[in-house]
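See below for the structure under consideration.
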Amino acid sequence: MPERNPKALREAIAAHAPQLLADFDRHWRRDIADTYDLTPVPGFMARWWTEYALARNPELDAQVTDLEDQAAEADDTAEAHALLERAAHLRREAGHAEPGQ
């Protein structure tokens, strides 16, 4: 994982997960650059840190996507909730990655 700042994260995304770059840039412009408001930076970093951590681990990313897809197709609310909880847990774990890991 890169250093925990927007510039380093963007560089890592560009180099290792370019499929995320357009959405990253669009989100940055919409919520931060175009508003000149730095308040959303911590939330922005948390979201994109996790997205990048998942993207750099294709097996984990596929597992999360599969759980979310299963939840969307579940007929039972409790089952859908359990599947989404498992996906959310994996996302949280991915988001705990530290720089240099």
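Read-outs throughout are calculated quantities, based only on the coordinates presented, and are distinct from any laboratory measurement. For clarity, every value in this text was computed on a predicted model and none was experimentally measured.
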| note | Diffing the stretch 60-71: the Karplus 3J(HN,Hα) column from phi (6.51, -1.76, 1.60, θ = phi - 60°), in whole Hz with x for Gly and Pro, holds 5, 4, 5, 5, 5, 4, 4, 4, 5, 5, 4, 5
| task | Jot down the radius of gyration and Dmax of the chain, Cα atoms only, both in angstrom. | result | 15.0, 44
